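Presented below is the structure to which this report refers.
The values are calculated or read from the model by the stated rules, or taken from the named source; none is laboratory data. What you see is a predicted model, and the numbers here were worked out from it, not measured in a lab. Quick reminder, even Gly has a Cβ in these numbers, built from the backbone with ideal geometry, and neighbours come from all protein chains shown.
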Amino acid sequence: MNCEETTKLMDGYLDGELDAITNQAIEQHLRECHNCDQAYKTQRSLIRAIGNATPYYKAPSELRERIQSSLRKEIAEQSNGSGIPVDARPLIAKEHAESRSILFGTSWNWLALAAAIVFAAVIVWNVVPRLQRPAADQFLATQLIASHVRSLMANHLTDVASSDQHTVKPWLDAKLDFAPAVVDLSTDGFPLIGGRLDYLDNRPVAALIYGRRKHFINLFVWPAGSNTIGAANAMSHQGYQLLHWVDSDFNYWAVSDVNANDLQTFKNKFEEQTSRH
Amino acid sequence: MALLLNAEHAFGLEDFESTAKIVKFAIVPKKHEEPDQSPKEELMSFEAAMLPHLDAAHNLARWLLRNEQDAQDVVQEAYLRAFKSFGGFHGSNGRAWLLTIVRNTSYTLLKKNHAVDLTTTFDEEIHGSGHESVSPATILEHAEDAELVKQAMDELPAEFREILALRHQEGLSYKEIADIAQIPLGTVMSRLARARDKLKECLAARIGKEK
């Protein structure tokens, strides 16, 4: 740092706006150059004195009142649309009372109708899925297996190949509207291989891929809806093992050609690890 | 709410009409609670966020316009403008946001009044002479004279007055100043340095005259 550069950067240095390295270079120069050091000290005292002596024009109290009343006038004009200045307080209160009477007065028969519809809806919503569930599970199982097989066949097992959960998780979080837990289970014999986006049950889902000796496990994850509460259930379909469980946030479907016991172990280890996170 | 909306998925398409009604029913009470309160509520949150910066707003306008009446009119107008666009403000720096509006409103008035000192085209002949004999030490002696500093500040172009007020009085960072004055960050330091130099020159000229 020479004198010219120091002079140029003097104001930034005084204002504490330079980076640490430049600061150090200037300090070094000031220790070595008496002239620049003098100039710096003079400038520092001058700026301080001028700053203190500059009159500060505080707002007079009537300005505050003027502003507050003009803002109230503004919202009064906005809500009655007439441009006639009205004191805002009574107006707001009145409008509010009117809107309340609309809701609780004239529209009560609509409420009754709506309540009846809700009642019907609750019944339909509770009963229909129970009747449909076996078929739906079968259909979903077929979809899951198809997805699992496709992922192995089309050489598209992973979109993001990494055994590091801290790589896979952010990648998935960025692509989805939910953030599934990602844990590496290599110490339990199920190394994390990567993650993939998939589409199941009419929505994008996360697929986590784990290895088991020479086999692969696809773990499909998506947010749990309110109609998916249920205990873990295992099924076998077309020679593949499927294991389904639900926690407070997510639906899990593990699909693989490993045996049912391995899949159960996988599930237990996965839950153990995620509960620790 | 969540429960009802989920029901929509369970119905399938044939129940679309009744689903639509349910959704309507479910949303109506909420709609009536929120927007009706909002003008008043919005005003209250606006005032809570922005009135604390009234002094800063007034000070900036006062330095820019050099006239108390204009400053008050501009600040009132700026608060109205700010209130109207408050819905679009999601930042955390309310002071810088408000000061930007105050500054823009001030410049609108300055331009309307054909203020000649908007930029730094500055008469070096008048302001650049007669102070060579005044040493920094002498300036320093007089630098605490508020009236003298005020007169010297008022001689400066608007963009110098504004940057000095923002830095010396509000203590704003270069980044904030760059946002308010709408100049690149790299320009802040050089403009501030020039403003300080000019202020010193104006002080020196006045001290020289007094002698």
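A compact table of results
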quantity	calculated
Condition met for A:S163 (touching a helix residue (DSSP H, G or I) at 6+ places or on another chain (Cβ under 8 Å), of a type outside the set (A, V, I, L, M) and modelled with pLDDT under 85)	yes
Residues located in the range A:196-209, provided they are at pLDDT 90 or above and of a type outside the set (V, I, T)	A:A206, A:A207, A:L208
Subset of the range A:38-59 (residues that are closer than 15 Å to B:S135 by Cα, at the interface with chain B (Cβ under 7 Å from one of its Cβ atoms) and either part of a loop (DSSP other than H, G, I, E, B) or of a type in the set (S, T, N, Q) (or both))	A:T42, A:S45
Residue in the range B:146-164 that is crowded, with 23+ Cβ neighbours inside 10 Å, touching a residue at least 12 places away in the same chain (Cβ under 8 Å), more than 20 Å from A:K58 (Cβ to Cβ) and facing chain A (nearest Cβ under 8 Å) present	no
Members of the range B:173-194 that are in contact (Cβ under 8 Å) with a residue 24 or more places away in the chain, closer than 22 Å to B:I101 by Cα and facing chain A (nearest Cβ under 10 Å)	B:V188, B:R191, B:L192
Residue match in the range A:163-182 (condition: crowded, with 18+ Cβ neighbours inside 10 Å, of a type in the set (K, R) and either without any contact (Cβ under 8 Å) to a residue 60 or more places away in the chain or farther than 22 Å from A:S248 by Cα (or both))	yes
Test: residue in the range B:119-142 that is buried (at least 20 other Cβ atoms within 10 Å of the Cβ), out of contact with any Gly (no Cβ under 8 Å at 6 or more places or on another chain) and at pLDDT below 85	no
Residue list for the range A:151-178, restricted to those being within 16 Å of the chain's Cα centre (by Cα) and farther than 12 Å from A:G195 by Cβ	A:D177, A:F178
Where a residue in the range A:260-275 is touching a residue at least 12 places away in the same chain (Cβ under 8 Å) and its partner, wherever it lies, is β-branched (V, I, T), with Cβ under 8 Å and at least six apart	A:L263/A:I217; A:F266/A:I217; A:F266/A:V258; A:F270/A:V183; A:Q273/A:V183; A:T274/A:V183
Yes/no for A:H34 being more than 13 Å from chain B (Cβ to nearest Cβ) and surrounded by fewer than 14 Cβ atoms within 10 Å (Cβ to Cβ)	yes
Any chance B:N67 is farther than 17 Å from A:Q78 by Cβ, of a type outside the set (D, E, K, R) and surrounded by fewer than 16 Cβ atoms within 10 Å (Cβ to Cβ)	yes
Residues of the range B:71-89 that turn out to be without any contact (Cβ under 8 Å) to a residue 40 or more places away in the chain and under 16 Å from A:L63 (Cβ atoms), as a count	12
Elements of type helices (runs of 4 or more DSSP H) in the range B:1-103, at least 3 residues being modelled with pLDDT of 95 or more, at the interface with another protein chain (Cβ under 7 Å from one of its Cβ atoms) and under 22 Å from B:L166 (Cβ atoms)	B:54-65, B:68-84
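Matching residues to (1) at pLDDT below 80; (2) aromatic (F, W, Y):
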| site | (1), (2) |
| --- | --- |
| A:I102 | yes, no |
| A:W110 | yes, yes |
| A:H148 | no, no |
| A:V168 | no, no |
| A:L172 | no, no |
